[in-house]
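Heads up, the thing below is written out as structure tokens.
What follows draws every value from the coordinates through simple rules; no lab data is involved. Values in this document were obtained by computation on a predicted structure and should not be read as measured data. Backbone-built Cβ (ideal geometry, glycine too); neighbour counts: all protein chains shown.
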Amino acid sequence: MKVNKYSNKGEMIGQVTLPKNLFDCEINSDVLYEVIKLYRGNQRQGTKSVKGRSAIKGSTRKLFRQKGTGRARAGSAKSPTRVGGGVAFGPRPKNWYKKISKKKKRIALKSALNSQKKQVSIIEEFEFEKPKTKNAAQILKNMKVENQKCLIVIPDNSKKVIKSFVNISDTKIIRAQDLCAYEIICSNHLVITEKALMKMKETFK
């Protein structure tokens, strides 16, 4: 499959053929769903916590005598039924992480790429003398993808490129080797540099 190729200023200069090992695969919806579900679960921190009655500071003295007051038989100020008491069955720290096999990750990644291959553009390289959001926005405008959820794939952690795009709304930037199915599915258009495409081809064989 051929897609449009752009210069570093966002001007169309031709077309390029996408590598078959990434963009000519069958879409496996079941694995894609499973991997995305596990990925989202793994993003949960599981750090929420509340104090139960045993963790509340306070006296253990009986609040008032058992009989003769006409009130309920209260035994502790830490009871969950009282203001300031502990929480019954509240959230506790939990590890939500589940391992995803490398094979399933690759199948899901290729399925995601093939489901989005009509919204892929290749760009030569991003060349910034210094970080400039205005120039980055102009490149996307020239490519006619400025109002779409864009995922920009770069080969390395170039600070100039990252800082140029980081403040543009609906635009996310990621290294080629960190690419995952979830980020691809969440975007409407993929903008991949030539070097990043080569790195993807080598990494995800």
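Sort out which residues of segment 169-184 are out of contact with any strand residue (DSSP E or B) (no Cβ under 8 Å at 6 or more places or on another chain) and of a type in the set (Ser, Thr, Tyr), and write them in order of number.
Ser169, Tyr182 - these are the residues of segment 169-184 that are out of contact with any strand residue (DSSP E or B) (no Cβ under 8 Å at 6 or more places or on another chain) and of a type in the set (Ser, Thr, Tyr).
Would segment 28-42 turn up any residue that is outside any helix (DSSP H, G or I) and surrounded by 13 or more Cβ atoms within 10 Å (Cβ to Cβ)?
Within segment 28-42, one or more residues are outside any helix (DSSP H, G or I) and surrounded by 13 or more Cβ atoms within 10 Å (Cβ to Cβ).
So how many residues does segment 155-164 have that are touching a helix residue (DSSP H, G or I) at 6+ places or on another chain (Cβ under 7 Å) and under 18 Å from Glu194 (Cα atoms)?
1
Collect the residues in segment 156-181 that are crowded, with 19+ Cβ neighbours inside 10 Å and in contact (Cβ under 8 Å) with a residue 40 or more places away in the chain, keeping them in residue-number order.
Those that are crowded, with 19+ Cβ neighbours inside 10 Å and in contact (Cβ under 8 Å) with a residue 40 or more places away in the chain: Leu179, Ala181.
Being outside any helix (DSSP H, G or I) and closer than 30 Å to Gly75 by Cβ narrows it down to one of Val50, Val16, so name that one.
None of the others qualify; the one that does is Val50.
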